[in-house]
Amino acid sequence: MSRRVVISGLGLTSPIGHDLAAVTHALTSSQHGVVTMPDWAQYGGLTTRLGAPVRDVVFDYPHKMTRSMGRVGLLSLYATDRAIRDSGLTEELLRSGRLGLSYGSTHGSSSELEAFCRKLIGQNGIQGIAGSSYLRFMSHTAAANLAHCYGIRGRVMPSVAACASASQGIGYGFEVVRAGMQDVMLCGGAEELHFVHASVFDIMFATSTRYNDRPDASPRPFDRARDGLVIGEGAGTLVIEEYEHARRRGAPVYAEVMGYGTNCDGTHVTSPSSNRGSGRAGSENANWQRLPTCSGRVVLMKVPPFEMFFV
């Protein structure tokens, strides 16, 4: 079985806005969300002071729903809640078993993991540590908490693959719907901003440091004066749905997903291989030869050691 797959809803939260209109306006008017992070000065050896936090967002949810969530879980909930509303998904459909979830993050909440470790190591014991602590920083916290919040009974697939987490989550969701295993999938990813994330790239000399006092000037991709990347946070959720199913319930259709492919070059963990054979393998996975001529765009993403293709 091979079915048509569309995007029938979306939700997001980001450093430059919390809905499609706001983000589109920010992008087309050269606005950005990069700021100086003065608190990072307390961490010895950390040279970057630039970050892109999500601001002016209120997590107005019942405590019972969020007690096992750290910030990354809350960001994923905010984006998914808006995607569900945008698509018009009912509680009945969410719990029907014909709707699943494919969601990712690099790992769980870093701030919650930090708090856990500081308490554990500081007192050399587990006294006073909440039983819900692990649920906030476990690697699949976003997927597990979203499934619990919405009572999802279909398949749930956490995708934990660093920068490729959300992209792979969307790809998995597409494949599941196309194959007829689910009619709808909630797909995407989230990440929270934390000094540890900046530190990881700082250690590899990959962060922007030259513009610490000028956040307006960095990052600057494709520019000869570029000196590195800037770490940010946010969340994005897509509703991936079988085309006829979306039409029958009157859902909006933003786009049709025609293909997806992914592979690993098997060469190095962080440095992409120059061997073009790996790229061909990924494109063959996407079954380009079966695609009709269309006005859509092919998106190639190289996130070492993974390579992904979307149409």
(message) Please go through (1) modelled with pLDDT under 95; (2) farther than 23 Å from Asp202 by Cβ for His107 and return the number of the only condition it doesn't satisfy.
(response) (2)
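Quick check: is even one residue across the range 130-150 assigned to a strand (DSSP E or B) and at pLDDT below 95? Step through it out loud before you land on a result.
Of all residues in the range 130-150, those assigned to a strand (DSSP E or B) come to none.
Checked the range 130-150: no residue is assigned to a strand (DSSP E or B) and at pLDDT below 95.
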(request) Kindly indicate whether Thr48 is part of a strand (DSSP E or B), crowded, with 16+ Cβ neighbours inside 10 Å and β-branched (Val, Ile, Thr). (result) no
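Please find, among His140, His107, the residue that is within 19 Å of the chain's Cα centre (by Cα) and either crowded, with 20+ Cβ neighbours inside 10 Å or under 16 Å from Leu193 (Cβ atoms) (or both). Let's see the steps before the verdict.
On the way: His140 fails: either crowded, with 20+ Cβ neighbours inside 10 Å or under 16 Å from Leu193 (Cβ atoms) (or both).
Matching residue, one of His140, His107: His107.
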(request) Could you identify the single residue in Ser102, Ser111 that is assigned by TED's automatic domain parsing to the domain that holds Val239, polar (S, T, N, Q), within 22 Å of Gly70 (Cβ to Cβ) and in a helix (DSSP H, G or I)? (result) Ser111
(message) Of everything in the range 188-224, what is assigned to a helix (DSSP H, G or I) and of a type in the set (A, V, I, L, M)? Give them in sequence order.
(response) Val196, Ala198, Val200, Ile203, Ala217
(request) Run Met185 past the list (1) part of a helix (DSSP H, G or I); (2) assigned by TED's automatic domain parsing to the domain that holds Leu113; (3) surrounded by 14 or more Cβ atoms within 10 Å (Cβ to Cβ) and report the number of the one that doesn't hold. (result) (1)
(request) Kindly check whether there is at least one residue in the range 55-64 that is assigned to a loop (DSSP other than H, G, I, E, B) and surrounded by 18 or more Cβ atoms within 10 Å (Cβ to Cβ). (result) no
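The values are calculated or read from the model by the stated rules, or taken from the named source; none is laboratory data. Owing to the predicted nature of the structure, the values given are computational and were not obtained by experimental measurement. A quick note on method: Cβ atoms are made from the backbone with ideal geometry, for glycine too, and the neighbour counts reach across all protein chains shown.
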